[in-house]
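Encoded as structure tokens, the structure appears first; notes follow it.
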Amino acid sequence: MIPSGHRRLILTRHAKSSWDDPAVSDHDRPLNRRGMAAALELGEWLASRGYEPDEVLCSDARRTRETWARAAAAPLEVMPRIAYLPALYQAPAEAMLDILRRATGDCVMMLGHNPGIAALAAMLAASLPNHPDLHRYPTAATLVIDFDAPDWRAILPGTGGVRDYFMPSRRG
């Protein structure tokens with residue numbers, strides 16, 4: 001449960017995508033086997049910690065949509081509002097922040113792509129966890145950031161408190 005007057009951001013990079021078919025456009029690349037397993041693991045991790053978004057802002061790329069679909073397979077108490085947004089596909093951090101500021105949920109999950117996700121995490125967090133891979137924000141990596149703000153329009157760079165960090169195991 002998020003205290004009144006607070007906001008929580010679950011910032012997730014899509015899981016590992018397949019490069020098997022060079023004829024498939026970047027936007028239409030599906031998850032590979034490792035990515036499917038990582039997305040399920042992500043969902044289990046979110047559920048085990050009670051990180052349940054009430055709003056999901058997701059790039060409309062196939063790999064981000066599939067990441068959400070597999071992560072959401074873990075039991076959720078309430079199904080969140082979901083928006084698949086073309087503007088999040090390969091978006092820079094500033095564009096992602098503009099989109100986030102229009103969110104209405106208390107706990108928002110944003111699924112996107114690098115380098116925008118890594119840049120947004122660095123922009124919003126007061127300090128990042130000391131993890132050797134965080135700087136590259138690997139596939140399916142997820143940072144949970146809390147803000148003391150009445151709404152998303154009020155959040156400012158460098159004010160988010162990192163609550164948790166997830167990186168999937170290398171299975172699959």
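The values are calculated or read from the model by the stated rules, or taken from the named source; none is laboratory data. Note that the structure is predicted; figures quoted are calculated from it, not measured. With ideal geometry, Cβ positions are generated from the backbone for all residues, glycine too; neighbour counts draw on all protein chains shown.
Numbers at a glance
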read-out: Residue within region 132-147 that is at positive phi, crowded, with 23+ Cβ neighbours inside 10 Å and out of contact with any Phe, Trp or Tyr (no Cβ under 9 Å at 6 or more places or on another chain) present; value: yes
read-out: Which listed residue, of 43, 35, is part of a helix (DSSP H, G or I), of a type in the set (Gly, Ala, Ser), surrounded by 14 or more Cβ atoms within 10 Å (Cβ to Cβ) and touching an Asp or Glu at 6+ places or on another chain (Cβ under 8 Å); value: 35
read-out: Among residues of region 50-68, those that are surrounded by fewer than 17 Cβ atoms within 10 Å (Cβ to Cβ) and at pLDDT 95 or above, counted; value: 1
read-out: Boolean, residue 67 is assigned to a helix (DSSP H, G or I) and either under 17 Å from residue 13 (Cα atoms) or of a type in the set (Val, Ile, Thr) (or both); value: yes
read-out: Filtered residues of region 83-110 (kept if within 23 Å of residue 49 (Cα to Cα) and surrounded by fewer than 16 Cβ atoms within 10 Å (Cβ to Cβ)); value: 104
read-out: Criterion (free of Cβ contacts under 8 Å to residues at least 60 places away in the same chain and of a type outside the set (Lys, Arg)) met by exactly one of 140, 154; value: 154
read-out: Count of region 11-40 residues which are aromatic (Phe, Trp, Tyr) and under 24 Å from residue 99 (Cβ atoms); value: 0
read-out: Candidates 102, 62, filtered to the one that is basic (Lys, Arg) and either touching a helix residue (DSSP H, G or I) at 6+ places or on another chain (Cβ under 6 Å) or over 19 Å from residue 8 (Cα atoms) (or both); value: 62
read-out: Of the criteria (1) closer than 20 Å to residue 53 by Cβ; (2) exposed (fewer than 14 other Cβ atoms within 10 Å of the Cβ); (3) free of Cβ contacts under 8 Å to residues at least 40 places away in the same chain, which one residue 19 fails; value: (1)
